[in-house]
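Let me begin by presenting the structure, written as structure tokens, before commenting on it.
The values are calculated or read from the model by the stated rules, or taken from the named source; none is laboratory data. All values reported here derive from a predicted model rather than from experimental measurement. Here the Cβ positions follow ideal geometry from the backbone for every residue, glycine too, while neighbour counts run over all protein chains shown.
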Amino acid sequence: METRRLLLVNGPNLNLLGTREPEIYGSATLADVESLVAATAAELGWTADAVQSNHEGVLIDAIHAARADCSAIVINPGGLTHTSVVLRDALSGVGLPVAEVHISNVYEREEFRHHSYISDIAAVKVVGEGVAGYARAVREIIAHTN
């Protein structure tokens, strides 16, 4: 049986994990997140590719490319959550199941963070569970896909 693959997408500023506002985002780094996602996927017989960019077009290109060899997407869009219709359109357009994850509870933060352009197309939503939320998002999107 062929191993299934998911794409982990991390948006702008998530490269600063571990140093940016640790009181909000914790001390785990982006490398820690990518390792956690890869390990969680592997436990379930999947593999994970990862992309992080501060540039919207790079993320969109990666999402488009995922159509060729991925079965699901786990995304933390960062600030693009609240602003990017084109990111939403890319996710919707590829037709893969999506899990939206946020390290902090965006609904307990500034008002402008309460709206997500992604949540209505996400099959799985994990908010405010810290970095551990990525593992939950992986488990749930794989269960949804299977």
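Numbers below:
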{"quantity": "Pairs where the first residue, in the stretch 19-31, is modelled with pLDDT of 75 or more and the second is assigned to a helix (DSSP H, G or I), C-beta under 7 Å, 6+ apart", "calculated": "L30/L14; L30/N15"}
{"quantity": "Lone unmet requirement of (1) farther than 26 Å from D120 by Cβ; (2) out of contact with any Leu (no Cβ under 9 Å at 6 or more places or on another chain); (3) without any contact (Cβ under 8 Å) to a residue 40 or more places away in the chain for T83", "calculated": "(1)"}
{"quantity": "Filtered residues of the stretch 32-53 (kept if crowded, with 16+ Cβ neighbours inside 10 Å and either in contact (Cβ under 8 Å) with a residue 60 or more places away in the chain or charged (D, E, K, R) (or both))", "calculated": "V33, E34, L36, V37, T40, A41, W46, A48, D49"}
